[in-house]
Amino acid sequence: MKNINIHTKLVGLLGYPLAHSKSPAMQNRAFQSMGLNFLYLPVEVEQEGLPDVINGMKKMNFAGFNVTIPHKIRVLEFMDELDYLAGVIGAVNTAVIEKGRIKGYNTDGQGFIRSMEEGAGLTVRGKRVFVLGSGGAARAITMTLAAHGVDRIYICNRRREKAEALSSEINAKIKDCSAAVAFEPKTMEGMLKNIDILINTTSVGMHPHRHQTPMDAGLVDSSTVVCDIVYNPAQTRFLEEAAQRGCKTVNGLGMLVNQGAEAFRLWTGQRPPIEEMYKALSSPHGE
Ligand code: ATR
């Protein structure tokens, strides 16, 4: 912190509440380790304060910001320009400010894909994917996977209408990828035997509900890569059962780090120090 001066570039994190966010520790460690004069600041803001905060950032030394719950959709209206993926996902998690103009991006899905490459050595093109959940995270992941050439996406959600809406939207927006809902237990079992990647995007299994699991991971073939976006605990019951089945597993830490790494690249134009970012998450105070 000793080098803060008028040249320091600021990056904000907009959300409410922010008490549990790991992003400040992760990004500040990344900036420091690269010797960059950047500072990442949590800016806890509620809905009605967003216009003032964002307009203020445009007048200050902000290189951009991250956006988290509950503002990822609402911030769309403040963007002067939208990256393709942010447009199809319909949500922004990263913004870059340049000469008073804001461009919105969504790095959540890219972070997920990078974590799969990193954790399982897997490229997604041509693959068949089964997704549990249809919320914001599922949206970012499925749209990005579809845009990266996966062959087929099956979506299963507790509330069927949300899975149907997401599936139709993928089919309407992205050619060459067909999405479908998966519901009836019999057909589901058939689909599960025949997929390359299974992803839990729901919060089921997250601390403190560690004993819960969104489905029986024993239903998939052992060649399936099984992913959970939950990162606390690092090894959910879902992933444990998949590993017992013989599947490769990928936990949610990689997505958390890699969505941040993609954002770091956008603000700084530099290659992100991934190892340092992982270290920031594993030490108790992020340092
Ligand atoms: P996020 O932004 O993390 O994706 P979200 O938009 O609230 O959060 O979405 C959470 C997803 O997890 C939803 O698909 C939700 O199912 P519903 O659409 O039916 O609400 C799913 N989910 C959350 N808790 C669940 C539970 N206990 N069992 C099954 N699905 C659950």
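Of everything listed in (1) on the phi < 0 side of the Ramachandran plot; (2) touching a strand residue (DSSP E or B) at 6+ places or on another chain (Cβ under 9 Å); (3) surrounded by 19 or more Cβ atoms within 10 Å (Cβ to Cβ), the single unmet condition for G87 is (3). Can you find even one residue in segment 142-162 that is within 27 Å of P42 (Cβ to Cβ), within 16 Å of the ligand (Cβ to nearest atom) and in contact (Cβ under 8 Å) with a residue 60 or more places away in the chain? Looking through segment 142-162, none of the residues is within 27 Å of P42 (Cβ to Cβ), within 16 Å of the ligand (Cβ to nearest atom) and in contact (Cβ under 8 Å) with a residue 60 or more places away in the chain. Of all residues in segment 209-236, those that are open to solvent by less than 10 Å² (accessible area, probe 1.4 Å) and in a loop (DSSP other than H, G, I, E, B) total 4.
For G87, the requirement of being away from the ligand (no atom under 16 Å from the Cβ), part of a helix (DSSP H, G or I), assigned by TED's automatic domain parsing to the domain that holds N194 and more than 12 Å from the chain's Cα centre (by Cα) is not met. Inspection of segment 195-208 identifies no residue that is open to solvent by 30 Å² or more (accessible area, probe 1.4 Å), part of a strand (DSSP E or B) and in contact (Cβ under 8 Å) with a residue 60 or more places away in the chain. When you check I69 against the structure, is it open to solvent by 10 Å² or more (accessible area, probe 1.4 Å), within 14 Å of the ligand (Cβ to nearest atom) and at pLDDT 95 or above, yes or no? In short, yes. Restricting segment 95-135 to residues that are aromatic (F, W, Y) and closer than 29 Å to L10 by Cβ leaves a set whose member that is least open to solvent (accessible area, probe 1.4 Å) is F112. For segment 163-194, give me each residue that is in a helix (DSSP H, G or I) and in contact with a strand residue (DSSP E or B) (Cβ under 9 Å, 6 or more places away or on another chain). Residues satisfying the conditions are A163, E164, L166, S167, S168, E169, I170, N171, M188, M191, L192. Of the residues making up segment 168-198, those that are modelled with pLDDT of 95 or more and over 25 Å from E117 (Cβ atoms) are S168, E169, N171, A172. Could you say whether any residue in segment 220-239 is among the hydrophobic types (A, V, I, L, M, F, W, C), closer than 23 Å to G12 by Cβ and modelled with pLDDT of 95 or more? No, every residue in segment 220-239 fails to be among the hydrophobic types (A, V, I, L, M, F, W, C), closer than 23 Å to G12 by Cβ and modelled with pLDDT of 95 or more.
The values are calculated or read from the model by the stated rules, or taken from the named source; none is laboratory data. No experiment lies behind these values; they were computed from the predicted model shown. Please note: Cβ atoms are built from the backbone with ideal geometry, for glycine as well, and neighbour counts cover all protein chains shown. The protein model used for the area step is the full one, side chains on, heavy atoms only, and it has no ligands, DNA or RNA in it. Shrake-Rupley method; radii C 1.70, N 1.55, O 1.52, S 1.80 Å.
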